1. Which GluC sites (Glu not before Pro) in the stretch 1-71 pass both tests, a DSSP loop state and at most 10 other beta-carbon atoms within 10 Å?
2. May I ask you to derive the relative contact order of the stretch 4-74, considering only C-alpha pairs under 8 Å and at least 6 residues apart, and to give it as an integer percent?
3. Working from Cα positions, state the angle (0 to 90°, nearest 10) between the long axis of helix 41-75 and the longest principal axis of the chain.
4. Which aspartates and glutamates, on any chain, are close to Lys45 with Cα under 15 Å apart, when same-chain ones fewer than 8 places away are left out?
5. As a test of understanding, state the convex hull volume per residue of the stretch 1-71 from its alpha carbons, in Å³.
6. Tell me, which cysteines of the chain are without a disulfide-compatible partner by the Cβ under 4.7 Å rule?
7. Please rank Cys15, Cys43, fewest neighbouring Cβ atoms within 10 Å first, as an exposure proxy.
8. Once you mark the chymotrypsin sites (Phe, Trp or Tyr not before Pro) that are in a DSSP loop and have at most 12 other Cβ atoms within 10 Å, what is the longest gap between them in the chain?
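Just so it is clear, none of the values below were taken in a lab; they were calculated from the coordinates. Bear in mind the structure is a predicted one, so any value in this text is a computation, not a measurement. FYI the Cβ positions are ideal-geometry reconstructions off the backbone, even for glycines, and counts take in every protein chain you see.
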Amino acid sequence: MGWEEMNTRVYPCWCGKGTFTEVSEMDDWNRTRSTRTINCPECAKKEEEEKESLKKERERLNTLEKEIKNYFEDHYMREWLACFATAKNKKRSLEVIGRPRNED
Ligand SMILES: [Zn+2]
């Protein structure tokens, strides 16, 4: 139950000074995967940095999302719910959020 190498390709790297190798493999269930090895120290470093900054960006967005949620809950949730407290049915709810009623 292993991966069998199907294809190995060598491409020039992004900066043009080196290469990267892409190896495609297939297992017994015909699943495929490919792994890329960067053979250029410069590009390898660059990719590592990009991964790192992507990770940081994702963490930043996660934090931001949490802050927004907390802010919304702290400042608007009560008012938001109060808006709907007066709406006893769906028709009233639609009026509260400003959707025009169907003209009779
Ligand atoms: Zn390179």
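1. none
2. Relative contact order comes out at 21 percent.
3. With rounding to tens, the tilt is 10 degrees.
4. Correct list for Lys45: empty, as no aspartates and glutamates qualify.
5. In the stretch 1-71, the Cα hull volume divided by residue count equals 125 Å³.
6. Cys15, Cys83
7. Cys15, Cys43
8. 30-75
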